[in-house]
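Below: one structure, written as structure tokens.
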Amino acid sequence: MSAFGFLSRVHSPRTRVTARLGAAAAGLLIVAGCGASSSAPTATPKTGSVDQLPVASPGTTPSFSPAQLAGLSLPSSCSKTANDVIAFSNSYTGNAFRQTMIKTWQDEAEAAQAAGCIKGYKILNTAENTATEQIAQIQSLLLTGVKAIDIDSASPTALNGVIEQACSQGITVVVFDSLASTKCEYDLGDDIPVISTEMAQGMAQLMGGQGNMMIVRGLVGTETELPKYQAQLDVLKNYPNIKVVATVTGQSSEAIAESAVAAELPSLPQIDGVLTAGGGDSMGVVAAYQNAHMTVPPVALDNSGQALQFWSQSIPSGYKTVSIGAQPGVASAAFWETLDLLNGAKGIPKLMQAPPIPITPDSISQWEAVTPASNIATYLYTLAETNQLIQANYGGGPLPLPPVPTSAP
């Protein structure tokens, strides 16, 4: 079936269903705060931004007092959704990040279906981040009786009309990764300024605060791209001896980034560091240098399996770089958040953050072992871990940082 079409399949139970659901398979989910109450406050509509929340130390689970979680109530079973169908509308399929993301969302939908928490699911993809095509696909979903739609949006504004139409029909909408901007949607975003700031800061330090830099921009037009780019530029203001000599658009795609960088290399001076946008583009930059038989400078990596393999193999020769990125597994958290909402959750914030995944020389071997070459390093959120993330956002942080998984998603 074409990637443009929608997938609606019946799946057999998997051996890891119980592990993914935890207590949910037995009808017992986490209950946060002081319990459900008809007087519990509703979530405040988002204003388009949220304070950047701190991130907990790896391997630690933040705890919150009942007072901090007062007004937040998460359901005690998934019985209300046993006959429901949940859909996922994804705006782009052209990089490793989105491919990993689609798989993680589908994994959780399969687990929920096998456990009887939902009747089924549907996935609709557009290949080239085309808002008009995504709008048409969502409109088609509105005619199928789905109870909720998870969306990775092609535009921060273009989908607002169709999202509001869905909300007016009583359909729950959760937008994640690249967000839209209606008041009725629930948003789960990546902390893009933090990711880009840490990437740029790390690269500037590797360069010793001086030299020539190239910036490879991402999927221009999406909600996350401009803040990412601007955060990089803000860091570089503190390094007047670093000169940005080239800015190209790689569309967060390995192939497009390779082509864009290759076209520029003949006219450029020596490059001492490259900032990337993530999503799988970093190995395109590496390939452009390798194919030109040039020494690969420090390239900010994007946590892809292929990039981690390159870094691991290059460490013995003294290659140094940074690798940090959003986690495509946020799709799994979005799925469980949606299930919580359909089952009567109260107080879930309209705008939440998920932490990034930083990979260091100390942790690269662990991540490389569980990240296939075609994937992006990620963690597949269980229901319990999603509820911990919800609690952390509601309580003001810190956000729990998922541990390195023991197997590939």
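What follows is calculated from the coordinates using simple rules that are stated; it is not laboratory data. Here the structure is a predicted model, which is why all the values come from computation and not from measurement. Please note: Cβ atoms are built from the backbone with ideal geometry, for glycine as well, and neighbour counts cover all protein chains shown.
Observations on the structure shown:
- Between 0 and 90°, nearest 10: helix 225-236 axis offset from the chain longest Cα axis: 50
- Ordered by the number of other Cβ atoms lying within 10 Å of each residue's own Cβ, fewest first, SER282, SER57, SER314 fall into the sequence SER57, SER314, SER282.
- Shape class for segment 192-302: oblate, because the ratio a/c of the largest to smallest gyration tensor axis (alpha-carbon atoms, square roots of eigenvalues) is 1.5 or more and b/c is at least a/b.
- Packing, as the average of other Cβ atoms within 10 Å across residues, places the peptides 105-118, 244-257 in the order 105-118, 244-257, highest first.
- Between the amide H of PHE88 and those of LYS122, ILE123, LEU124, ASP150, distances stay under 5 Å, these residues lying 5 or more places away or on another chain, with hydrogens modeled in the peptide plane.
- Each peptide in 349-358, 163-172 gets a packing score, the mean of other Cβ atoms within 10 Å over its residues, and the list from highest to lowest is 349-358, 163-172.
- Tilt relative to the chain, helix 282-291 - C-alpha long axis, 0 to 90 degrees, to 10: 30
- Sorted by Cβ neighbour density within 10 Å, fewest at the top, the residues ASP281, ASP234, ASP177: ASP234, ASP177, ASP281
- Between GLN210 and GLN290, the modelled label-to-label distance comes to 3.2 nm, taking each label 7 Å out from Cα in the direction of the beta carbon.
- Cα-based helix-to-principal-axis angle, 192-206 vs the chain, degrees rounded to 10: 20
- Of all beta bridges that DSSP places with both ends in the chain, some 20 percent have antiparallel geometry.
- Ranked by how many other Cβ atoms sit within 10 Å of their own Cβ, fewest first, the residues TRP336, TRP311 fall in the order TRP311, TRP336.
- Distance from the Cα centroid of segment 140-168 to that of segment 263-326 is 37 Å (rounded to whole angstrom).
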